[in-house]
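The values are calculated or read from the model by the stated rules, or taken from the named source; none is laboratory data. Only a predicted model underlies this, so the values are computations on that prediction, with no experimental measurement involved. Cβ sites come from the backbone with ideal geometry, for glycine too, and all protein chains shown count toward neighbours.
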């Protein structure tokens, strides 16, 4: 049976919407139908570049029968409202990270999607990189023995001009936080995916370089995982020149250090036939900066694979790898980290949110 062809719409015409459009263009049975943004000039430029239709309202876009999946690429704190409209219209949604900026708003999306029987995916392309998948497979196969330490390092550079480029950037209301919520959340998601649920956090935050923003530009957190392992997160947008993001997973029987989609260390007490070849590849190839010093310096392969995963889920009636419940997990961890940074006290998870937004 021939594969279904999927029609896509994008809400929001900022930088990340360009990545979605490039990814969709690489998928044979996917077509970008249209764009909607409150900024008409951006929509017009976007449509001219990517060969799609400009819609004057979201409601107009949602009336198109061929529109199967909507990619929501608005600022982080403006995901709920367009998501609810898309869900009400029966459209599946791929929502850029973070899913939303509070658990209440996340739960509002989840509840609406359950009632409407539509699928929700949250964009975390790092889960779809080859080495991330291999690392997850190895953790699940208990190759690390007892997990001991899991650490994430996101030490990036953002200029004052970056924060000034959008009124929403660096605000609690629309960005939901600073370095951790915006830049670090990719690594928060990966870390909990590898290490398992977080049960407590303690943190300290600071604004060292970017004094004109409301939120933190640097934060350090210690974590305890449900399996007894400990961990750390170090995240900043204040350093020069910025470094590639790195995750370290260490256990009683193995260690892996992942930098972007490249292993710096891969060693186990009990070796298998693939380990030597994996280590032989460590010095090969140049690496993209991964957004360390330039937010536009990201590829679209991870987005492409995640969009394809979402299409497969819709076509087969299965769940996407990063469904709404998965996407919520990193928001909960970030919320806990921010709370402990404010209070100076340990915060335990899970957090009990208020009633979902209706």
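When 188, 122 are screened for being more than 22 Å from residue 248 (Cβ to Cβ), touching a residue at least 40 places away in the same chain (Cβ under 8 Å) and touching a helix residue (DSSP H, G or I) at 6+ places or on another chain (Cβ under 6 Å), only 122 passes.
Would you say residue 176 is surrounded by 23 or more Cβ atoms within 10 Å (Cβ to Cβ) and either part of a loop (DSSP other than H, G, I, E, B) or under 19 Å from the mean Cα position of the chain (by Cα) (or both)? It is true that residue 176 is surrounded by 23 or more Cβ atoms within 10 Å (Cβ to Cβ) and either part of a loop (DSSP other than H, G, I, E, B) or under 19 Å from the mean Cα position of the chain (by Cα) (or both).
Just give me the residues in region 125-139 being surrounded by 20 or more Cβ atoms within 10 Å (Cβ to Cβ) and under 18 Å from residue 318 (Cβ atoms), in sequence order. 127, 128, listed by residue number. Note on region 136-169: residues that are modelled with pLDDT under 95 and over 30 Å from residue 240 (Cβ atoms) amount to 0.
In region 92-119, which residue that is part of a loop (DSSP other than H, G, I, E, B) and without any contact (Cβ under 8 Å) to a residue 40 or more places away in the chain is farthest from residue 314 (Cα to Cα)?
Of all residues in region 92-119, those part of a loop (DSSP other than H, G, I, E, B) come to 97-102, 117-119.
Going one step further and asking which of them are without any contact (Cβ under 8 Å) to a residue 40 or more places away in the chain, we end up with 117-118.
Working: 117: 11, 118: 9 Å.
Step by step, filter region 92-119, then rank; the result is 117.
Pairing residues of region 339-354 that are within 22 Å of residue 226 (Cβ to Cβ) with residues that are surrounded by 12 or more Cβ atoms within 10 Å (Cβ to Cβ) and modelled with pLDDT under 95, at Cβ distances under 9 Å and at least 6 apart in sequence or on separate chains, gives 339/351. Could you tell me whether region 263-284 includes any residue that is at pLDDT 95 or above, within 30 Å of residue 16 (Cβ to Cβ) and in the same structural domain as residue 151 (by TED's automatic domain parsing)? There is at least one residue in region 263-284 that is at pLDDT 95 or above, within 30 Å of residue 16 (Cβ to Cβ) and in the same structural domain as residue 151 (by TED's automatic domain parsing). Taking the listed residues 215, 201, the one that is more than 18 Å from the chain's Cα centre (by Cα), assigned by TED's automatic domain parsing to the domain that holds residue 137 and part of a loop (DSSP other than H, G, I, E, B) is 215, with no other qualifying. Among the residues of this structure, residue 137 counts as one that is assigned to a helix (DSSP H, G or I), more than 16 Å from the chain's Cα centre (by Cα) and in the same structural domain as residue 246 (by TED's automatic domain parsing).
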